[in-house]
There are 2 protein chains.
Amino acid sequence: MSDGILILSEKELRKFVQLDTKVIEKVELGFAQLAAGNATVPPIMMLPVPEKNGEVDIKSAFIKGLPSMAIKIASGFFQNPDIGLPSQSGQMLVVSAETGFLQGVLLDNGYLTQVRTAAAGAIAAKYLAPDGVDTVGVFGCGVQARYQMEALSLVKPFKRIVMYSIDTEARKQDFVKDMTERLGVEVVSAKSGAELVAQCGIVVTTTPSRKGYFEPEWVHPGLHITSMGSDAEDKQELKGGVFGKADIIACDLKAQSFRLGELRGAKEEGFVTELTPVLEIGQIIGTAKSARTSADQVTVCDLTGVGVQDTMIALMAYEIALREKAGIVVPR
Amino acid sequence: MSDGILILSEKELRKFVQLDTKVIEKVELGFAQLAAGNATVPPIMMLPVPEKNGEVDIKSAFIKGLPSMAIKIASGFFQNPDIGLPSQSGQMLVVSAETGFLQGVLLDNGYLTQVRTAAAGAIAAKYLAPDGVDTVGVFGCGVQARYQMEALSLVKPFKRIVMYSIDTEARKQDFVKDMTERLGVEVVSAKSGAELVAQCGIVVTTTPSRKGYFEPEWVHPGLHITSMGSDAEDKQELKGGVFGKADIIACDLKAQSFRLGELRGAKEEGFVTELTPVLEIGQIIGTAKSARTSADQVTVCDLTGVGVQDTMIALMAYEIALREKAGIVVPR
């Protein structure tokens, strides 16, 4: 306990934790505990640095019965690329829930966040999306778009990906090549969002858009949408009308989605209220194999990212590292 | 910038940062920036762990113009002594305000918090307490009681300390011995709070009391009280009536003092309202040598602890360590 503090590098963390069914199970357990009232999730602490178009966000969660909790510090500084640095950075601290002592510093540079975010996408699809979908779609072609497709393939295997993005042709081609190689499926780039959605039974939106672009007219019977781009008051991917067409609305954490996620925009546009039935995904886990009761239902799940995901993946990484005797131990 | 992350031990931090006029000046600058509207101080993030009578608190502040900000994780787990561990622990992270990247991990085990808290006490006395006081008093005989007396000696030199505590005789004797040696002044233990206050022109309260014990009847003309024990909704040292007798009421951060500090209790007991004139100490700095305009005024200052203090001391420590090439550098 008071032996010292374990410092783990991104390289080590990538070795110990990959996006797989084990991670998905862990994150699922976190959501189930959240829905059962066994997690304390304080509001996100936000430190804006407007001078640099930057923000530092701190997320955390204590889950009853677990020996430790994670505190995540995640930064997004959008002038960094001008000086050749990535916009995003981050790390997690593991703190003992027995003594309050710091146990580990996970210098993951945001890797664990990418994985736990993708895991939440898998869980949303697992409990809401229809079965037997051959063609899936993704908006965006960045790192998280790729992780989301990989995560989806673990719970709802598919044969073909359609991607739409406003990014450069080179980045889009890189996505096509990378995904074809990694998942062994056909990958194509669509000319429009409408064209993409028309072909897909499951669509994941992964963009940092500040304006709803997903049109309600695109929605067709049986469609499942997971929207994970919006995590701030000024972001939105789905136009409010999309929620007007949904038979089942779900999210990760209602209070947060209404503040920072898609439900904020949908509420402003008058398509949902705080009284609209909205399922938290943790409520579905353990009660039903799927919230969907027919193949024709339209389902939408909004993910904003919750501290329980960080606590689950950080603990998993820390425990593996301890077992493997990895990392640097510094004295307390 | 992206060279790596500096890990500093408590031992190194103790070598580089001591309670002295330099630290006091730094913390003073932090308060001045806070009052000038140049600091962003999000509400404290609190993670209670009731099963262990514990809590993890996260404080932070971004101060405009500084190259970095600090994020402090402080734990209080009050069953720790049962297993031979200290109740309090903590550390600070230094994060770049230019890029959001983690720059340093200060494994200070709460040392920097002790010092910056004492520095705030010095600042309160400097701007509110009367001059020429020979005998000062302190409630409590723990680590912070000692730091507060040391800090006070730097701004308002005195000849004698009177201490009152409900702690064991051994701990009280240790305080007397320790303070006599460190400050070279006479130190005595009082039999009651009334006896203590009657002898003193300046009194500092440093206890974790959950019930007001400082009686309004004890207040005499010219008295200055700094109260730094209360930092949670269930703590209180000064009975509300003490504020009824004050000519000048000050605090570190009004919003926080009304929520977690002495002003919460005083408001509940009907002695102050949100409209009562309350000075934040940063407002005095730079505008007057002292808020006190006569030797007879009664002044009270409530300190709850603000993220700007952490950011100022953490940056100071980090910059000295960089210059001295101390610590372990781990790759990003």
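Applying a DSSP loop filter and a limit of 10 other Cβ atoms within 10 Å to the GluC sites (Glu not before Pro) in segment A:195-295 leaves A:E274.
Just round it to a whole percent: the fraction of Cα-Cα distances in segment A:125-305 exceeding 27 Å.
On the way: 3280 of 16290 pairs.
Cα-Cα pairs of segment A:125-305 separated by over 27 Å account for 20 percent.
Just for the protein assembly as shown, what percent of DSSP beta bridges are antiparallel, to the closest 5?
On the way: 62 of 128 bridges.
Counting only bridges with both partners in the protein assembly as shown, antiparallel ones make up about 50 percent.
A Gaussian network model of chain B, with springs between Cα atoms under 10 Å, assigns the largest mean-square fluctuation among B:I281, B:I58, B:I123 to B:I58. Pairs with C-alpha atoms separated by more than 24 Å, drawn from the list B:K22/B:K64; B:K156/B:K289; A:K64/A:K254; B:K191/B:K254; B:K191/B:K239, are B:K191/B:K254.
Evaluated with a Cβ-only charge set (Lys, Arg +1; Asp, Glu -1), the protein assembly as shown carries a dipole of roughly 640 debye about its Cα centre, given to the nearest 20.
Extent along the principal axes, Cα only, for the protein assembly as shown: 84, 50, 46 Å, with the longest axis given first. Considering only B:E12, B:E51, B:E25, the Gaussian network model of chain B with Cα springs below 10 Å gives its largest mean-square fluctuation to B:E51. Under the definition of Cα pairs under 8 Å and six or more residues apart, what whole-number percent is the relative contact order of chain A? 23 percent.
For chain A, take the longest principal axis of its alpha carbons; what is the angle in degrees between that and the long axis of helix A:21-35, to the nearest 10 within 0 to 90? It is inclined by approximately 90 degrees.
Can you give the percent of C-alpha pairs in chain A whose distance is more than 39 Å?
Numbers: 5501 of 54946 pairs.
The proportion of pairs with Cα distances above 39 Å equals 10 percent.
Just to confirm a number: summing +1 for Lys and Arg and -1 for Asp and Glu over residues other than A:D231 whose beta-carbon lies under 15 angstrom from that of A:D231, what do you get? Each step should come with its number before you reach the end.
Working: positive: A:K59, A:K72, A:R116, A:R210, A:K235, A:K254, A:R259, A:R264; negative: A:E55, A:D57, A:E233, A:D234, A:E237, A:D252, A:E262, A:D302, A:D310.
Net charge around A:D231: -1.
With R₀ set to 45 Å, the beta-carbon distance separating A:H220 from A:Q79 gives a calculated FRET efficiency near 0.65. Taken over the Cα atoms of segment B:1-118, the convex hull encloses 129 Å³ per residue. Here B:K211 and B:N38 are evaluated by their C-beta separation; at R0 = 45 Å the FRET efficiency comes out at 0.75. Listed values for segment A:286-298 are Karplus-derived 3J(HN,Hα) couplings in whole Hz (6.51 cos²θ - 1.76 cosθ + 1.60, θ = phi - 60°), namely x, 9, 8, 5, 8, 6, 6, 10, 8, 5, 8, 5, 9, and x replaces Gly and Pro. Computing FRET efficiency as 1/(1 + (r/R0)^6) for B:N53 and A:A255, where r is the C-beta to C-beta distance and R0 is 30 Å, gives about 0.65.
With a simple spin-label model that places each label point 7 Å from the Cα along the Cα-to-Cβ direction, the separation between B:R160 and A:K159 comes to 9.5 nm.
Against the longest alpha carbon principal axis of chain A, how many degrees, from 0 to 90 and to the nearest 10, is the axis of helix A:307-323 turned? Approximately 50 degrees, to the nearest 10. Residues in segment A:91-106 carry Karplus couplings, in order, of 7, 10, 10, 9, 10, 5, 8, 8, 10, x, 6, 5, 10, x, 10, 9 Hz; the curve used is 6.51 cos²θ - 1.76 cosθ + 1.60 with θ = phi - 60°, and Gly or Pro positions show x. The mean of 1/r over all pairs of different alpha-carbon atoms in segment B:98-158, once inverted, gives a Kirkwood hydrodynamic radius of 13.3 Å.
If you put +1 on each Lys and Arg Cβ and -1 on each Asp and Glu Cβ, how big is the dipole of chain B around its Cα centre, in Debye rounded to 20? Don't skip to the end; give the middle numbers.
Details: 34 positive and 40 negative charges, 97 e Å.
Its charge dipole is roughly 460 debye.
Against the compact-protein benchmark of 2.2 N^0.38 Å, the Cα-based radius of gyration of segment B:100-209 scales to 1.14.
Given +1 on the Cβ of Lys and Arg, -1 on the Cβ of Asp and Glu, and no further charges, what dipole in debye does segment B:1-106 carry about its Cα centre, rounded to the nearest 20? Please list the in-between numbers first.
Working: 9 positive and 11 negative charges, 32 e Å.
Its charge dipole is roughly 160 debye.
Among A:D178, A:D82, A:D167, the largest mean-square fluctuation in a Gaussian network model of chain A, built with springs joining Cα atoms closer than 10 Å, belongs to A:D82.
Database remark: amide H of A:T226 closer than 5 angstrom to the amide H of A:V203, A:V204, A:T205, A:C301 (H placed geometrically; neighbours at sequence offset of 5 or more, or on other chains; Pro and chain starts carry no H). Given axes a ≥ b ≥ c from the Cα gyration tensor, I'd like to know whether segment A:176-240 is rounded (a/c under 1.5), prolate (a/b larger than b/c) or oblate. In terms of gyration-tensor shape, oblate. Each Cα pair under 8 Å and six or more residues apart adds its separation to the average, and for segment B:23-124 the resulting relative contact order is 22 percent. 3J(HN,Hα) along segment A:159-167: 10, 8, 10, 10, 10, 10, 8, 9, 6 Hz, from the Karplus curve 6.51 cos²θ - 1.76 cosθ + 1.60 with θ = phi - 60°, whole Hz, x for Gly and Pro. Annotation: amide H of A:V49 within the under-5 Å range of A:G54, A:E55, A:V56, sequence separation 5 or more or interchain, hydrogens built in the peptide plane. Ordering B:T293, A:Q236, A:S87 by Cα displacement along the dipole of the protein assembly as shown toward the positive end leaves A:S87 in first place; charges were set at the Cβ atoms of Lys, Arg (+1) and Asp, Glu (-1).
Every number here is computed from the coordinates shown, using simple stated rules; none is lab data. Because the structure is a prediction, the values reported are computed rather than measured. Cβ coordinates were reconstructed from backbone atoms using ideal geometry, including for glycine residues, and neighbour counts include every protein chain displayed.
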